[in-house]
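Taken together, the values in this text are just the output of simple stated rules run on the coordinates, not laboratory data. This one's a predicted model, so the numbers in the text were calculated from it and none came from an experiment. Virtual Cβ from ideal backbone geometry, glycine too; neighbours counted across all protein chains shown.
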Amino acid sequence: MHPSLRSAVDDLERGGHLRRVAAEIDPRLEAAYLQRRVYAAGGPALLLENVRGCQFPMVCNLFGSLARLRYLFRHTLAGVQQLVAMKVDPGAALRSPTKALSALPAAWRMLPRYVSRGPVLKHATTISKLPQLVSWPRDGGPFVTLPEVYTEDPDAPGWRRSNLGMYRVQLAGNQYAPDRHIGLHYQIHRGIGVHHTAARRRGQPLRVNVLVGGPPALAIAAVMPLPEGLSELSFAGALAGARVRLVKQANGPAVVADADFCISGTVEETLLPEGPFGDHLGYYSLAHDFPVLRVDRVTHRSGAIWPFTSVGRPPQEDTTFGEFIHELTGPVVPTLVPGVRAIHAVDAAGVHPLLLVIGSERYTPYLPTARPQELLTQANALLGQGQLSLAKYLLIVNGDDDPTLDLHDPARFLRHLLARVDWTHDLHFQTCTTIDTLDYSGSSLNAGSKVVIAAAGPPRRELPERIDGELSLPAGFADARLALPGVLCIAAPAYTAEGGHAQAEAFCAAFHAGSAINRFPLVVLVDNAEFAARNLSNWLWVVFTRSNPAVDIHGIESFTEHKHWGCRGALVIDARIKPHHAPPLEDDPAVVGRIESLAVHGGPLHGII
């Protein structure tokens, strides 16, 4: 049980899950590269004791493996899982009273309690004295990468309708007044937006506390997809093994007493540019206008530790966050939408761009399954569920067609779908809708399209597992490579604003429904076919982060009938980099060289990375 970050750090060190780094590490680029490097190496959590230009130590990779997370929460995990099981099946408590009783301590810990004072309020500091973590060379300034942003509902102040979310926070740079302003990047479908809306309706400012550190359960709770109305503080208490302690404030939301740092302030009406920032899709999210927090006070506890992570092209530490959350909430998924058996947001594709679903077809059991029916109902329902609504490609199949399907094997899932899909009726688009704020494949910020691809019934084709002979390709297109059974990657000319869309249409027009290329039901146009087809991770990343369905899906012998689009030949996805896309992330070679030099034999990082 860890009521504080220091408790967790000490516990991890005793258990051999954490190493101290005495060498000086620069929070500008070096610390973040080190974190990504140690995560990729499957290494321990690191306590950086000597942070250049800063008095506070920093800790990273706390959540760097499932084994470490299970170790951190080993005393409370079973109780939380029992609570989840009771949520899924309330009748289980009556059938097994002993198990129900074992969950009571966790349920009690879900109630936060108020105290008169807290360690986090002991010392005052300023924004510029906090660790100035810069993760990527083109970042617009230093960021808090594990913030716990706390607000209370202006209509009903208190913890019961509070929101604790992980929204990135820019500490300096751009047009922010030093030590006075910081940037709050909260996107669509985020709980803080509901509170901000209520405050504006009431004509009052929104008060915010940005917490850093504290019980590790706070960070988990801040990213949990909890149902509206269930406080993240309640979940954090159950997972931490201790009720969350709150200190009431005269003007504003309560402060979590055991956090390491607290930045208190008021959201101003003026928006200012925030970013760029290297993000979890593997690209920079560019500078855009976002809310500004006017900082009123910065406090910290004695011996405060600054936790941080770094995001980039998956997998990264946030991948493990997602795996742990799935482990906790997986049993709840089938209760979200009737007939849905499993869902999986594919991390390698950037999470939101690709959602795989196993559903059910139960509408007409007296007839053979000829085409998706209930699957479409389930897909539409999922697109109305919180952050699942950000899915850009939703691929859904009938679980009864193959009860052994595993969503965590995307290659097998895609093979199952492509063997059964009928491009004349199994594509269902939503145009001019919302997509993830961080996804730059759309038409503008937050704007793009979605497609549901549903497949049901027996296989309708064999998927080629090799390219037999030369494919006859139009001029400018070359290097056809097999990425997956039935899937081709083809190198296309560089996309230009003037001719890019026409190039893809011309490619499709060069073939007809009887052309040999249609043995491959899916063709992807890319900039570098060797890279895209090299492995599944590359293919998923390229295809689903670089395409906007309604714009970039084409097809051989395409048609529109009663406003329904389909094609009689292969489906063609244009996954080239477009002029409006954000640049991909690249490390600074000098920083790489510096950190790698510390890992040579005899160096302070030897044996760690």
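Between Tyr363 and Glu465, the simple label model (points 7 Å from Cα in the Cβ direction) yields a spacing of 3.5 nm.
For the peptides 402-414, 4-16, the ranking by packing is 4-16, 402-414, with the highest mean count of neighbouring Cβ atoms within 10 Å listed first.
Binning the C-alpha pair distances of segment 119-171 at 10 Å intervals from 0 yields a P(r) profile of 21, 35, 31, 12, 1 %, listed from the shortest bin outward.
Taking the convex hull of the Cα atoms, report for the chain its projected area averaged over all directions, in nm². Reported value for the Cα convex hull: 29.9 nm². Go through segment 488-581 and name the trypsin sites (Lys or Arg not before Pro) that are in a DSSP coil and have 11 or fewer other Cβ atoms within 10 Å of their Cβ. The qualifying sites are Lys563. Counting 0.36 nm for each residue step from Glu561 to Arg201 and taking away their Cα separation leaves a gain of 125.1 nm.
What you get for the chain, charging only the Cβ of Lys and Arg (+1) and of Asp and Glu (-1), is a dipole of about 2000 debye around the Cα centre. Plainly put, segment 516-609 has a radius of gyration that is 1.24 times its Kirkwood radius, both from alpha-carbon atoms, as the Rg/Rh ratio. For segment 431-470, the convex hull drawn through the C-alpha positions has a volume of 167 cubic angstrom per residue. The reciprocal of the average 1/r between distinct C-alpha atoms defines the Kirkwood hydrodynamic radius, which for segment 403-451 equals 13.1 Å. Taking each residue as 0.36 nm, the span from Tyr114 to Glu596 lengthens on full extension beyond its C-alpha to C-alpha distance by 168.8 nm. In whole percents, the pair-distance distribution calculated for segment 322-463 from its alpha-carbon pairs, binned every 5 Å from zero, is 2, 10, 20, 23, 21, 14, 8, 3, 0, 0. Here is how the number arises for the chain: DSSP H runs of 4 or more residues each give -39500 (n - 2.57), the sum is divided by the residue count, and the result at 222 nm is -7000 deg cm²/dmol. Spin-label pair Ala107-Glu49: with each label point 7 Å from Cα along the Cα-Cβ axis, the two points sit 4.6 nm from one another.
When each of the peptides 435-441, 18-24 is scored by the mean number of other C-beta atoms lying within 10 Å of its residues, the order from highest to lowest reads 435-441, 18-24. With N the number of residues in segment 155-288, Rg(Cα) / (2.2 N^0.38 Å) evaluates to 1.08. In the chain, what % of DSSP beta bridges are antiparallel (nearest 5)? Antiparallel bridges make up about 65 percent of those DSSP assigns within the chain. Summary of the geometry: segment 138-160 and segment 585-603, compared by the centres of their Cα atoms, lie 33 Å apart. Compute the separation of the alpha-carbon centres of segment 400-415 and segment 255-298 and state it in Å as a whole number. If you average the Cα positions of each part, the centres end up 40 Å apart. About its Cα centre, segment 288-406 has a charge dipole of approximately 460 debye under the convention of +1 per Lys or Arg Cβ and -1 per Asp or Glu Cβ, with nothing else charged. The trypsin sites (Lys or Arg not before Pro) of segment 443-518 that DSSP puts in a loop, and whose beta carbon has at most 13 other beta carbons within 10 Å, are Arg460, Arg466.
Electrostatic bookkeeping for Trp159 treats Lys and Arg as +1 and Asp and Glu as -1; over the other residues with beta carbon under 13 Å from its beta carbon, the sum is +3.
Among the lysines of the chain, pairs that are 8 or more positions apart or on different chains and have alpha carbons within less than 26 Å of each other number 8. So for the chain, taking the charge dipole from beta-carbon charges (+1 Lys/Arg, -1 Asp/Glu), which of Pro216, Gln316, Val120 sits furthest toward the positive end? Selected residue: Val120. Place a point 7 Å from the Cα of Thr496 along the Cα-to-Cβ direction; which residues of segment 574-603 have their backbone N under 17 Å from it? Taking a point 7 Å out along Cα→Cβ of Thr496, the residues of segment 574-603 whose backbone N falls under 17 Å are 576-580. With a Förster radius of 35 Å applied to the beta-carbon distance between Ser128 and His326, the computed FRET efficiency rounds to 0.35.
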